[in-house]
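Below: one structure, written as structure tokens.
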Amino acid sequence: MGKTIGILTSGGDTPGSNAAIRALGKAAITNYNMELIGFRDGFRGLMENRFVVLDNKMLSGILTLGGTILGTSREKPFRMNVDGQEKDMTTVIMENYHRNKLDALVCIGGNGTQKNAYHLAKRGLHVITLPKTIDNDVAKTDVTFGFDTAMSIATEAIDKLHSTASSHHRIIVVEIMGHKAGWLALSAGIAGGADVILIPELPYTIEKIAESILERKKMGKSFSIIAVAEGAMSHDFSKIYSELQQKIETAGDENSKNKLMQERSELDILNTSNTLRLANKLEELTKLEARVTILGHLQRGGTPSAADRLLATRMGTACAKFIEREEYGVMVALKKNKIITVPLEDVVNKTKKVPVTHQWIKSARRVGTCFGD
Ligand code: F6P
């Protein structure tokens with residue numbers, strides 16, 4: 001018999017996760033005679049030892065399914081809610097890993113998952129990860145699966161908003177997910193022909209956005225579509241945020257660091273109503289009617305795109321091969337169209353942001369897109 005592998009999906013559900021589970025499972029069973037078990041609901045299932053055997057039958061018919069057949073959660077091994085209290089459950093997780101005689105644990109997820117997986121790898125577990133998130137913000141991989149599907153969904157939404165915005169001569173502000181990175185808003189904004197794109201990497205000035213809308217009006221275009229990333233910030237807000245961030249990084253003791261982090265959470269909460277504030281202010285400055293559409297979790301739903309199925313299949317099958325070679329403590333990544341592994345320590349505690357000189361930004365500027373900067 002080959003190795004026994006545990007798999008879990010953690011963090012926000014992402015289209016392509018089932019394609020990855022299927023690819024890894026089928027490749028592992030067929031090529032290496034491995035056995036697989038899938039833990040339910042991320043690290044919580046591993047802690048509670050809740051799992052399902054992933055045989056060929058379970059792995060069949062899931063390629064096109066959205067979400068994850070294993071379920072997911074945002075639970076962290078070292079800070080898990082147990083009986084209403086946050087507890088470090090790392091030891092229990094390690095016991096379950098050994099109880100199931102696992103040779104390796106595959107964690108499929110975004111930045112939070114990479115961090116949790118690294119935590120377990122440092123404790124000696126044989127961990128390997130796959131990068132999945134619609135945000136495309138995981139470091140050391142060119143792309144994550146889930147991103148392409150979400151980009152298509154957001155693009156289609158912008159397409160649809162065009163006709164209603166144009167008919168009513170309105171501004172439509174469409175909020176696009178992406179956490180603290182602008183990949184999704186930028187790509188869907190470009191593909192959908194948004195007139196203004198606002199991303200966290202380029203803080204904006206509201207007056208400049210209003211100016212560009214009024215400029216369009218002068219040219220006979222009485223409507224505008226604004227694609228705003230959920231993490232986008234005005235110049236003023238971004239200044240306060242960056243100063244706080246700097247204070248966190250240089251905080252002397254754990255106590256003051258925690259206080260500053262609490263302040264940052266409060267700012268994050270305040271920024272969640274940014275899109276509404278932006279629409280109101282633009283209405284005031286341009287005297288045009290404005291409406292808001294928040295795409296929200298629609299962007300994570302439904303069947304994965306062909307590109308995501310392909311990427312997840314490439315990463316999943318390669319993962320089986322890396323496990324056979326006993327390459328642990330690594331993330332499977334795509335670099336220049338090649339599937340490689342990168343050490344987890346190089347991935348964690350980083351957010352892959354859009355470089356401000358990125359080709360996509362340059363192209364958008366060349367077609368006249370306003371970034372409000
Ligand atoms: O990380 C994926 C993502 O969809 C982000 O774009 C978004 O900020 C977040 O998850 C939403 O999380 P939740 O589903 O927990 O509300």
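Out of (1) open to solvent by 40 Å² or more (accessible area, probe 1.4 Å); (2) closer than 24 Å to Thr313 by Cβ, what's the single condition that is false for Gly109?
(1)
Which of the residues spanning the range 170-187 are within 16 Å of the ligand (Cβ to nearest atom) and open to solvent by less than 30 Å² (accessible area, probe 1.4 Å)?
Answer for the range 170-187, where residues must be within 16 Å of the ligand (Cβ to nearest atom) and open to solvent by less than 30 Å² (accessible area, probe 1.4 Å): Val174, Glu175, Ile176, Met177, Gly178, Ala181, Gly182, Trp183, Leu184, Ala185, Leu186, Ser187.
Name the strands (runs of 3 or more DSSP E) wholly within the range 1-107 that hold at least 3 residues that are within 22 Å of Gly301 (Cα to Cα)?
Answer list for the range 1-107: 4-9.
Working only within the range 271-311, note down all residues that are in contact with a helix residue (DSSP H, G or I) (Cβ under 9 Å, 6 or more places away or on another chain), within 16 Å of the ligand (Cβ to nearest atom), assigned to a helix (DSSP H, G or I) and under 26 Å from Thr129 (Cα atoms).
Residues satisfying the conditions are Leu298, Gln299, Arg300, Asp308.
So the check is Cβ under 6 Å with 6+ separation or different chains; which pairs have a first residue in the range 48-75 that's exposed (fewer than 15 other Cβ atoms within 10 Å of the Cβ) and a second one that's among the hydroxyl-bearing types (Ser, Thr, Tyr)?
Thr64/Thr303
Residue check, Leu267 against (1) more than 16 Å from the ligand (Cβ to nearest atom); (2) open to solvent by less than 40 Å² (accessible area, probe 1.4 Å); (3) farther than 28 Å from Gly192 by Cβ, all met but one. Which one?
(1)
Here is a list: Ile213, Ile190. Which entry is in the same structural domain as Leu282 (by TED's automatic domain parsing) and either open to solvent by 20 Å² or more (accessible area, probe 1.4 Å) or within 16 Å of the ligand (Cβ to nearest atom) (or both)?
Answer to the selection: Ile190.
Taking only pairs six or more apart or across chains, which ones have beta-carbon atoms under 6 Å, a first residue in the range 5-21 that is within 22 Å of Met151 (Cα to Cα) and more than 16 Å from the ligand (Cβ to nearest atom), and a second residue that is part of a helix (DSSP H, G or I) and open to solvent by 10 Å² or more (accessible area, probe 1.4 Å)?
Pairs that qualify, where the first residue is within 22 Å of Met151 (Cα to Cα) and more than 16 Å from the ligand (Cβ to nearest atom) and the partner is part of a helix (DSSP H, G or I) and open to solvent by 10 Å² or more (accessible area, probe 1.4 Å), are Ala19/Arg309; Ala19/Thr313.
Name the single residue, out of those in the range 311-330 being over 19 Å from Gln114 (Cβ atoms) and of a type in the set (Asp, Glu), that is surrounded by the most Cβ atoms within 10 Å (Cβ to Cβ).
The residue in question is Glu324.
Any idea which of Leu288, Leu282, Leu295 is under 25 Å from Asp159 (Cα atoms), open to solvent by less than 40 Å² (accessible area, probe 1.4 Å) and in contact with a Ser or Thr (Cβ under 8 Å, 6 or more places away or on another chain)?
Residue meeting the stated conditions: Leu288.
Taking Thr341 as the residue in question, decide whether it is touching a helix residue (DSSP H, G or I) at 6+ places or on another chain (Cβ under 8 Å) and open to solvent by less than 60 Å² (accessible area, probe 1.4 Å).
Taking the combined requirement at face value, the residue satisfies it.
Enumerate the pairs (first residue in the range 315-341 and part of a helix (DSSP H, G or I); second residue anywhere and aromatic (Phe, Trp, Tyr) and open to solvent by 40 Å² or more (accessible area, probe 1.4 Å)) with beta-carbon separation below 8 Å, excluding pairs fewer than 6 apart on the same chain, so at least 6 apart or on different chains.
Pairs found: Ala320/Tyr32; Ile323/Tyr32; Glu324/Tyr32.
The values are calculated or read from the model by the stated rules, or taken from the named source; none is laboratory data. No experiment lies behind these values; they were computed from the predicted model shown. All Cβ positions, even for glycine, are placed from backbone atoms using ideal geometry, and neighbour counts span all protein chains on display. Heads up: the accessible areas ignore ligands, DNA and RNA and are worked out on the full protein's heavy atoms, side chains in. Shrake-Rupley method; radii C 1.70, N 1.55, O 1.52, S 1.80 Å.
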